[in-house]
Structure formats: C-alpha cells, structure tokens
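I have placed the structure first, in the form of structure tokens, so that the comments after it can refer back to it.
Read-outs: derived from the displayed coordinates by stated rules, not from any lab. Everything numeric here is computed off the predicted structure, so don't read it as measured data. Here the Cβ is made from the backbone with ideal geometry for all residues, glycine too, and neighbour counts use every protein chain on show.
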Amino acid sequence: MAPITFSILKEIPGELGRAGTLETPHGTIPTPAFVTVGTKATVKALSPQDVVNAGADVVLANTYHLYLQPGDERIKRFGGLHKFMNWNGPIMTDSGGFQVFSLGAAYGKALNKVVSITDPSQLLQERSNEDGVPRLATIGSDGVSFRSHIDGSLHYITPEKSIDIQHNLGADIIFAFDECTSPTETVQYQEEALDRTHRWAKKSLEYHRSKPNSEFQALFGIVQGGREENLRKDSAKLISEMRTSKGEGFDGFGIGGSFAKEDMETAVKWVNDVLPPDKPRHLLGIGEPEDLFMGVENGVDLFDCVAPTRRARGGTLYTENGKINIGNTQFIEAAGPIDPACGCSTCRNYSLGYLSHLYRSHEMLASTLGSIHNLYFIINLVKRMRQSILDGNFKEFKESFLNGYRQ
RNA sequence: GCGUCGAUGGCGGAGUGGUCAAUCGCACUAGACUGUAAAUCUGGCGCCUUCGGGCUUCGUUGGUUCGAAUCCAACUCGGCGCA
C-alpha cells in the first residue's frame, strides 16, 4: 500500500495541467496546491491556527535546518514533526538540497533562486567570480559538507543521512537529496552535477525503500538539468524510470534548480512532457502569481515558496492589482483594507493605515497580519486556479487575473 | 555675578587647520526578495546639475591664515559648580 494516492479529476484541454487530489496519511490535498513553507517547524510569524485560517492544506519544513536545530532525533522523541509543531495536516520536508546551492555556490553572492540574467556569456562570467565569502557548503564525492551557519560546526550530509533525518522528522512526503544548480554554471558543470544528483537519487530511493518508514512516508525524486533541454529531459526520464532492485520507484517528482525567469516555462514543459502523468509533480521553490499560472497550466500539482511570508515581513503585500509596499508614505492615512476583494482575516479587520503604523513601528503584528494576508492570497489564488480547471475556464481566469495583476 | 564646559545636517553623535557637503546610528524615502544564512538586504537622504561639476552650510558677528566646523575675540543661548 503506497503512502499517498494521487487522482486526477480534470485536465486543462490541450495543456499538461490538471486538477486532482493527493491523499496522504494526514489528510487530502486538493491539487494544484500551494505548500506553505515552515522551514524550522514554524511558519514565521504565524501560529498553526493562523496557517489553517489562511487556507493552508500542507506545510513544508527543512531537513537541514531541523537537523542542526533542535536535531531530528529530538523531534523524533517528541513523536515527530506533526506533534512537535502541532500541525495535524500533511507535512513535506525538503532534503537539504537547496542548501547545497544557497550555502554553496550562491553563498555571499547576488545569486538567487530566480535570476534575471539571460546572456550565457554573462552567466559564465558571473560564475568565474571566485572572490568573496568562503562557502558554507562544499560538495564531496558522495555527499556535501556543511559548515553550520549557526555555530560553525562541520557536518557531512549524504543521501542516506538526509533520508535518515527525514525519517526521524516523519513528514508525509520527503525529498531525495539533490544538488540545486544555478543557470550561471557551465554546461559541463550541469552535466557533472546532474550525474551526481542522479546517483544520490538512486541512493535515496534504495535506502528509503529498505526502511519501514517507506510504508507511511512518500519519497519524491528531483529532476534537475539546468537550462539544457537534453539534460532536463534525460533527467526526467531517468528519475521517473528509476527503480530499486525490487522494482519500486518514486512516489512523485520534484522539479528543481535555480532558473533564469524566461527559462522556467520551457524547463517545466520539457520535464512534465516526460514525467508520468499519474504521479504528482512539485515545482520546488516557485510561487509568484505569474509563475503559479505558468506551472499549473503546464502540469505542476504542488508549489512551495517563501515569497508570501518573506515578502510580508519586508512589507510587500499582494493585491489583485499587483504588489504594494506597506512602508510607502501613501498608506499612512489609508482607511481601507489591503485588497477589498480579499477574504482574509487581515483584510476583513484591519486598515492599511493600521498596518502602516505597525510596520513603521516595527511591531511583530505587522509580520503576522501581513503573512496571513499574503498566504491567504497565494493559497487562494491556486485554489481558484484549481476551481477554474474543474469549471473548464482556466485560460479565461488566467487572463483576467493577470490583466488586473500586471495592470 | 564669578568660574567652567558646551553649541555640527530632522534627531543623537563623530570630526578639533587643508584629503569635509562633513564618519556613524536613528528617522525619513524608494527598491529588492521565488525548495528561508532573511522581523533581511540595497540605493537615496543641504541646494542646483548638461552628472564633469557648481553653490550655500557646522550658534551669531568679526578676526588670524594661502586655507577655518576646527585657532582667536566679542556676543547669544544651554549644562554644571561656587556665591
């Protein structure tokens, strides 16, 4: 009996997109769905009740962070992540693969999950910049050594170690240990990294399936390959066909990597064209409104992103008419809500002027109320996309929303 | 009244003869953020600018000097001490 069951209810005609359900041991996730990020077993600034009220069906925590603090074995002694953080719905854990990137190649540099550069010669130039801060993550032959950003201690994470940690944490869906690469890497490096990610995927899969946890924890394999069509398609094929000696494959798939904005759609299309349609697909770390439409249209079932909560803490709030910055002078005297069309508790109860005051005076409630709104906005946006698929008018919804949002 | 210390950009506070339109923090202002090194980070913040530079500033007035926020004098205001 597989730990999760994925069912497709309806598809977008002529596209890869679909609406369905994903049943997990801790509840059913209607898909497509936005997964709320709670890296350190908490969604920053919010209580679990706030997260529920924002409409979240599932949260994603991080293997690396929780391994460092408070330690996965301690969380296991508390009965696992669900009990530890008092979240009774589905939980996913990322493998630490993103930290290979953020604490490695991207450390101390202006390298982000989504980059704006398009010219390959510039990309290579950026990679050759070797000065700056020493990396906290260094890739070895069968794993990655991390220098803790908390206390400087050294840790070596292998695929097996990542799976062990994720077993202790006990999430419903876990990820294979991978290497998130930057589009600023050369093709040769992408090939090397992809080969490594594939080897690690096999180890993750074999190791996971050898443990009883595989009966109640699902494992997703991660497709990489950078901006190269052949690498992306090869990776999707290899990961989706990967089996243990007993013939067991992955329960679902993640699509990883740092992207140049204009590469993202083609990469998702390449991959989802190859991945088997009957298993869930998670576009890792993506979550701006226009990207969510792109992903849903092209067959992505799950997204996660720090943007709603991180942006809220920085004062950026989503509205139907685009993003606003609550710190701007124009909101000091504004009596209305963030977005009159929004049904979140922040918009129903508080004025922009009050939020402006909280933000300017550095009150914690500014982060809380902002996060509630942004999360509700993004989660609800994906729910509306799902409904539009079921209603057969996804394209119309997409067009009308983006017209207002981009204005 | 005498003595003493002080007066710097919205605020706090550096600077004590040239490299000073003046370090820094706060405030203000705008921007960034996409599997969270993130309640974070970046730019702007006297006036004008063809972005080369130009102009007016460091309590007030006068002086010394090639040159003064910096030295001197008087004055104004404030803190402290003694009467």
Worksheet item: A:N230 versus A:L390, label points 7 Å from Cα toward the beta carbon: distance in nm?
Response: 4.4
Item to complete: For chain A, with a Gaussian network of springs between Cα atoms less than 10 Å apart, report the residue from A:G79, A:G285, A:G89 with the top mean-square fluctuation.
Response: A:G79
Worksheet entry | More than 36 Å apart - percent of Cα-Cα pairs taken over chain A | 22
Practice prompt. Could you point to the residue in A:G249, A:V271, A:P289 farthest towards the positive end of segment A:249-291's charge dipole, with +1 and -1 charges on the Cβ of Lys/Arg and Asp/Glu respectively?
Written response: A:G249
Worksheet item: With each label point set 7 Å from Cα along the Cα-Cβ vector, what nm distance links A:Q69 and A:H155?
Response: 1.1
Discussion item. Could you tell me the relative contact order of chain A? Use alpha-carbon pairs under 8 Å, at least six residues apart, and round to a whole percent.
Written reply: 19
Worksheet entry | Percent RCO, i.e. relative contact order, over segment A:314-406, from Cα pairs under 8 Å lying at least 6 residues apart | 30
Worksheet entry | Inter-part distance where segment A:263-283 and segment A:210-243 are each reduced to a Cα centre, Å | 12
Item to complete: Could you tell me which of A:I139, A:S7, A:Q217 has its Cα farthest along the dipole of chain A towards the positive end, charges placed at Cβ (Lys, Arg +1; Asp, Glu -1), taken about the Cα centre?
Response: A:Q217
Discussion item. Is there a quick way to get the dipole size of chain A? I mean about its Cα centre, with the Cβ of Lys and Arg at +1 and of Asp and Glu at -1; what is the value in debye to the nearest 20?
Written reply: 860
Worksheet entry | Chain lengthening between A:S210 and A:M1 when straightened (0.36 nm per residue, less Cα-Cα) | 73.7 nm
Fill in: Separation of the A:N88 and A:E333 label points, Cα + 7 Å toward Cβ, nm
4.9
Worksheet item: With the calculation restricted to Cα positions, what are the radius of gyration and Dmax of segment A:267-335 in angstrom?
Response: 16.3, 53
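Multiplying the sequence separation of A:D142 and A:N321 by 0.36 nm and subtracting their Cα-Cα distance, what value in nm do you get?
The A:D142-A:N321 span can extend by a further 59.7 nm.
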Discussion item. Rounding to the nearest 10 and keeping the result within 0 to 90°, find how far the Cα-based axis of helix A:229-241 lies from the longest principal axis of chain A.
Written reply: 70
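With the cut-off at 29 Å, tell me which of the pairs A:K113/A:K246; A:K203/A:K233; A:K44/A:K269; A:K40/A:K246; A:K161/A:K323 have Cα atoms farther apart than that. Can you show the working numbers first?
Details: A:K113/A:K246 36 Å; A:K203/A:K233 21 Å; A:K44/A:K269 32 Å; A:K40/A:K246 35 Å; A:K161/A:K323 40 Å.
Going by Cα-Cα distance, A:K113/A:K246; A:K44/A:K269; A:K40/A:K246; A:K161/A:K323 fall outside the 29 Å limit.
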